[in-house]
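Contents: one structure, followed by commentary.
All of the numbers you see were taken from the coordinates with simple rules; none came from a lab. If you're wondering where the values come from, they're calculated on a predicted model, not measured in any experiment. Note that each Cβ is placed from the backbone with ideal geometry, even for glycine, and that neighbours are counted across all protein chains shown.
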Amino acid sequence: MIDFYCSVPLLNIEWDNGENTEDIVVRDSGIYVVEFIGVNNCINYDSIRVNKFTDLPQDIKVQDTVYIGCNGPNVKLIPEVNEPISSFTWFGGVNNDTFHIEQPTVSHAGDYYLSVTNIYGCSNTFGPTKVIEDFNAPEINFIDPIPEFKCGDESLQLSFTSDMVIQSVIWTGPGGFESNDISPYIYYGGVYNVTVIGENNCIGNASVNVVYNVDVPDVSITTDTIDCDDKTLDISVSYTGNYSVSWIDPIGNNYSGNSIVTTIPGFYNLEVFDIDNNCKSNFLVYAPQDVRPLDLQIKADTNVIDCNFEELVLTYNSAVDLSSVHWYGDNFSSYGDTIVIDNAGIYYVEAIGVNNCTDLDSIVIFEGQKLELQNDTFYLTCQQTNINLDLNLTGGGYIYNWSGPNGFNSTLATPNVSQEGIYIVNVSNGECSATAEMKVVMDTISPEINIV
C-alpha cells in the first residue's frame with residue numbers, strides 16, 4: 001500500500017496507473033507518480049519507487065554433524081547466520097522435537113532442520129544437521145611397522161590412524177618430551193604415550209615402545225640416585241666394542257669418558273660412536289633425585305590419658321616410605337610403626353626415609369581424670385569381729401555400689417561387714433568408673449598350746 005499526506009484540501013487526485021484515491025495497493029515494483037490539484041487549482045506532482053523483495057534466505061549454514069558424547073548428554077546446534085532473520089524454527093530428531101530459537105540444545109539423536117524467515121517474510125529451510133550419539137573412545141592404531149632407531153638415525157616419525165576425526169592430540173615421552181603434532185619427530189628410543197580427543201569429545205589413549213635396532217652400539221648404562229645422604233651420583237656406561245662416548249648434562253655441560261660424577265639430576269644425552277663401523281647413536285639417561293621431605297606427623301585418637309582412654313596407640317603419617325622408625329620418651333624407647341602407651345609425657349618419633357632423609361615429630365600426652373581401684377584383703381579376728389571396707393579414695397563425689405555374700409548390698413563409701421567372703425565394689429564419679437574385689441577372711445582359730 002502507498003499513501004500520502006497533503007497540507008491543503010484537494011480537488012482531484014490521479015495516479016499514473018489510473019487510480020484516483022489517496023491510498024493505492026500495488027503488486028509490482030517500479031516508480032509510481034501521483035498528480036494532485038488543490039482547491040486553489042494549483043497542480044503538484046510526487047513520485048515513489050517501489051522495490052519488490054522476493055529473495056529467499058540463502059546465507060545460512062548449519063553444521064553437518066555434531067555429537068552427543070563424552071562432553072555431556074546434550075549438544076547445542078549453532079548455525080552461521082549472515083543475513084537479517086526475523087524467526088528461527090528447528091525441527092527433527094528421533095522425537096520430532098521443535099525449537100523456536102536460533103541455537104537450541106538437543107538431547108536426542110537424529111536429523112535436525114532449520115527453517116528461517118527473513119525480515120521480508122520470505123522463508124527457507126536448511127539442513128539436515130546430523131546429531132549422533134557416540135560415547136566410544138577413539139581407536140588408535142599405530143602405523144605398522146613401528147619405527148626402530150637404526151645405526152645413524154638422528155630422528156624417527158611416529159604416526160597413527162583413528163576411526164574418527166581427532167580434535168586434539170598430545171604426545172609424551174622420555175626426557176619430558178611433549179608434542180601436539182599428529183605425527184611428531186622423536187630423537188630417542190623409549191615408551192611414547194599419545195592421548196587424543198575425538199569428535200565426540202571422548203578420550204583415547206595408547207602407547208608405543210620405540211626400540212633401538214640390534215645394529216646400534218650395544219651399551220649398558222648404570223646410575224644411582226641423589227638423596228639426602230648422598231649429594232652426588234655416578235653415571236657410567238660399559239660396552240665391548242671400539243666406541244667413543246660423550247655426554248651432555250641437563251644444563252648443557254659437555255663431558256667425555258665412560259663415567260661421570262655429578263650433582264645435577266635430570267636427563268643426560270649420551271652419544272655413543274662405533275669407531276669400527278662408523279655408526280653413531282644417542283641414548284637418553286635419567287639421573288634421579290629423591291630429596292623429598294618426610295613430613296612426619298604423629299597420629300593419636302587423643303592426647304589425654306584418662307578413664308576413657310587408659311591406653312593410647314601412637315602411629316604416624318609420612319610422605320615417603322620409611323626404612324627406620326624410632327620412638328622414645330622419658331624412660332621409653334621402641335622401634336616400629338606403632339606404640340601403645342599408658343603414661344603421660346612427651347613422646348618423640350624419629351624416622352629415616354628410603355631416600356635417607358630424616359625427620360622428627362613429637363606429641364605431648366596429658367594425664368586426665370582417672371579412677372583406679374586396687375584389690376585388697378581384710379581379716380576378721382577374735383578381737384575384731386567386723387571391719388570397715390575402706391578403698392582409701394581421696395576427694396568426693398563418688399557413687400558406690402557394693403555386693404557380697406548372702407545378698408549383701410551397700411552404697412556406703414566404707415561399709416561395715418562381719419561375714420567372710422568376696423565383696424565386689426563399683427565406684428563411679430559421673431565420668432569414670434572402676435571395679436575392684438575385696439576379700440574378707442575369717443581368722444578366729446585359737447592357737448594350739450602343748451605343755452611339756
Inset, instruction - Treating each Cα of the range 83-197 as an identical point scatterer and ignoring solvent, apply the Debye formula and state log10 I(q)/I(0) at q = 0.12, 0.13, 0.22 Å⁻¹. - result: -0.65, -0.68, -1.16
Inset, instruction - Between ASN416 and VAL94, with labels modelled 7 Å along Cα→Cβ, what's the label distance in nm to one decimal, could you check? - result: 9.5
Legend entry - LYS76 paired with ASN406, simple spin-label distance in nm, labels 7 Å along Cα-to-beta-carbon: 9.5
Inset, instruction - Please say if the range 202-282 is rounded, prolate or oblate, where rounded means a/c under 1.5 for a ≥ b ≥ c the square roots of the C-alpha gyration tensor eigenvalues, and otherwise the choice is prolate for a/b larger than b/c and oblate otherwise? - result: oblate
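Mind running the shape call on the range 167-304? Use the C-alpha gyration tensor, a ≥ b ≥ c as the square roots of the eigenvalues: rounded below 1.5 for a/c, prolate if a/b tops b/c, oblate otherwise. Walk me through the numbers before you get to the answer.
Working: a/c = 2.83, a/b = 1.15, b/c = 2.47.
Oblate.
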Legend entry - For the range 301-310, Karplus couplings with θ = phi - 60° (6.51, -1.76, 1.60), whole Hz, Gly/Pro x: 5, 7, 10, 10, 8, 8, 5, 7, 10, 6
Inset, instruction - Report the one residue of PHE408, MET164, VAL272 whose Cα lies farthest in the direction of the positive end of the charge dipole of the chain (charges on C-beta: Lys and Arg +1, Asp and Glu -1; origin at the Cα centre). - result: PHE408
Legend entry - Debye equation applied to the C-alpha atoms of the range 1-138, log10 I(q)/I(0) at 0.10, 0.22 Å⁻¹: -0.55, -1.20
Inset, instruction - Starting from the Kirkwood radius over alpha-carbon pairs of the chain, derive D by Stokes-Einstein at 25 °C in a medium of 0.890 mPa s and give it in µm² s⁻¹. - result: 70
Inset, instruction - Give me LEU312, LEU373, LEU412 ranked fewest to most by other Cβ atoms within 10 Å of their Cβ, as a rough exposure proxy. - result: LEU412, LEU373, LEU312
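On full extension of the chain, what length is gained from ILE182 through GLN369, given 0.36 nm per residue of separation minus the C-alpha to C-alpha distance? It would help to have the intermediate numbers written out before the result.
Numbers: separation 187, 0.36 × 187 = 67.32 nm, distance 7.10 nm.
Separation in residues times 0.36 nm, less the Cα-Cα distance, equals 60.2 nm.
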Inset, instruction - Could you pull out every residue, at least 5 positions away or on a different chain, whose amide H is within less than 5 Å of the one on ILE140? Hs are placed 1.01 Å off N in the peptide plane, and Pro or chain starts have none. - result: none
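How much length, in nm to one decimal, is gained on full extension between MET442 and ASN17, taken as 0.36 nm per residue of separation minus their Cα-Cα distance?
Values: separation 425, 0.36 × 425 = 153.00 nm, distance 14.55 nm.
Fully extending the segment from MET442 to ASN17 adds 138.4 nm.
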Inset, instruction - Would you mind counting up the charge near ILE43? Only other residues with Cβ under 15 Å from its Cβ, with Lys and Arg at +1 and Asp and Glu at -1. - result: -4
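If the viscosity is 1.306 mPa s and the temperature 10 °C, what Stokes-Einstein diffusion coefficient in µm²/s follows for the range 9-59 when Rh is the Kirkwood radius over Cα pairs?
Answer from the Stokes-Einstein relation: 125 µm²/s.
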Inset, instruction - Taking the dipole about the Cα centre of the range 1-157, with the C-beta of Lys and Arg at +1 and of Asp and Glu at -1, give me whichever of PRO79, VAL33, PRO9 is farthest to the positive side. - result: PRO9
Legend entry - Amide H contacts under 5 Å for CYS279, placed H, 5+ residues apart: ASP274
Inset, instruction - Using a 10 Å Cβ count of at most 14 others and DSSP loop calls, identify the longest part of the chain lacking such GluC sites (Glu not before Pro). - result: 155-309
Legend entry - Gyration tensor (alpha-carbon) shape descriptor, the range 262-410, a/c threshold 1.5: prolate
Legend entry - Ranked list, fewest to most other Cβ atoms within 10 Å of each Cβ, for THR377, THR338, THR394: THR394, THR377, THR338
